[in-house]
Amino acid sequence: MAFAGSEPRRNVSATVVKLLIAGGFGVGKTTMVGSVSEISPLRTEEAITQASAGVDDLTGVESKTTTTVALDFGRITINPELILYLFGTPGQDRFWFMWDELAQGALGAVVLADTRRLESCFPAVDFFEQRGLPFVVGVNCFDNAYRYGTEEVRAALELDDTVPILLCDARDRESTKQVLVILMQHVMANARPNASLEPTRPAPGGW
């Protein structure tokens with residue numbers, strides 16, 4: 001199991017917001033966390049071996065050689081008062097038992113979708129809908145995938161009009177940042193009266 005990165009000391013008075021990056025196997029969760037994290041992301045990856053044959057569905061991602069077996073972790077400091085902790089969930093069916101634990105304390109989630117295998121994000125959508133956790137859908141635009149419009153994706157996933165859907169590139173820091181900005185706006189719009197998250201000033205020069 002490979003671990004990378006360590007967490008520097010943070011401002012203990014800052015508000016920490018936990019967000020999840022979820023979706024099916026091979027949709028780009030590890031890539032998204034790594035593209036935007038200000039620290040070297042922690043990864044728990046194992047090589048895909050013959051032992052997973054008949055267990056993990058590699059349809060559409062036959063070239064993938066590693067898989068997340070626990071979580072990915074990254075961090076973004078928005079400003080001295082607000083820090084985002086990003087937790088990437090494992091994608092294979094056999095690791096879904098970990099999702100309940102990872103979701104504890106989370107305020108929102110990104111569901112990454114691959115239009116070549118759109119059905120792979122159905123379980124993540126169902127998971128967050130059942131728990132009432134605000135989420136946005138990020139359609140990861142792979143180079144060899146047909147570019148569907150956001151409303152076409154909404155119809156295919158049967159999502160309510162209030163759920164934001166964005167086209168994105170999980171490899172690109174600016175694209176990932178935009179997804180997280182929309183997620184934070186969505187979280188704040190759906191915040192319960194006793195929610196701990198309060199609006200804060202943007203960091204000078206952005207993040």
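The values are calculated or read from the model by the stated rules, or taken from the named source; none is laboratory data. Everything numeric in this text was worked out from a predicted model, so none of it was measured. Ideal geometry is used to build each Cβ from the backbone, glycine not excepted, and the neighbour counts take in all protein chains shown. For accessibility, only protein heavy atoms count, side chains too; no ligands or nucleic acids. Shrake-Rupley method; radii C 1.70, N 1.55, O 1.52, S 1.80 Å.
Condition (residue is over 16 Å from the mean Cα position of the chain (by Cα) and assigned to a loop (DSSP other than H, G, I, E, B)) applied to segment 169-188: is it met by at least one residue?
no
For residues that are of a type outside the set (A, V, I, L, M, F, W, C), at pLDDT below 95 and in contact with a helix residue (DSSP H, G or I) (Cβ under 7 Å, 6 or more places away or on another chain), scanning just segment 134-176, find the one that is farthest from Ala124 (Cα to Cα).
So the residue we want is Tyr146.
Would segment 195-207 turn up any residue that is modelled with pLDDT of 90 or more, open to solvent by less than 50 Å² (accessible area, probe 1.4 Å) and among the hydrophobic types (A, V, I, L, M, F, W, C)?
No, segment 195-207 contains no residue that is modelled with pLDDT of 90 or more, open to solvent by less than 50 Å² (accessible area, probe 1.4 Å) and among the hydrophobic types (A, V, I, L, M, F, W, C).
Of Glu62, Glu101, Glu129, which residue is open to solvent by 60 Å² or more (accessible area, probe 1.4 Å), modelled with pLDDT under 95 and not in a loop (DSSP other than H, G, I, E, B)? Write out each step before concluding.
Working: Glu62 fails: not in a loop (DSSP other than H, G, I, E, B); Glu129 fails: modelled with pLDDT under 95.
That would be Glu101, the only listed residue that is open to solvent by 60 Å² or more (accessible area, probe 1.4 Å), modelled with pLDDT under 95 and not in a loop (DSSP other than H, G, I, E, B).
Go through the residues of segment 158-178 one by one and say whether even a single one is under 22 Å from Phe25 (Cβ atoms), in contact (Cβ under 8 Å) with a residue 40 or more places away in the chain and open to solvent by 90 Å² or more (accessible area, probe 1.4 Å).
yes
Go through (1) modelled with pLDDT of 90 or more; (2) in a strand (DSSP E or B); (3) open to solvent by 50 Å² or more (accessible area, probe 1.4 Å) and name the single condition Glu46 misses.
All conditions are met except number (1).
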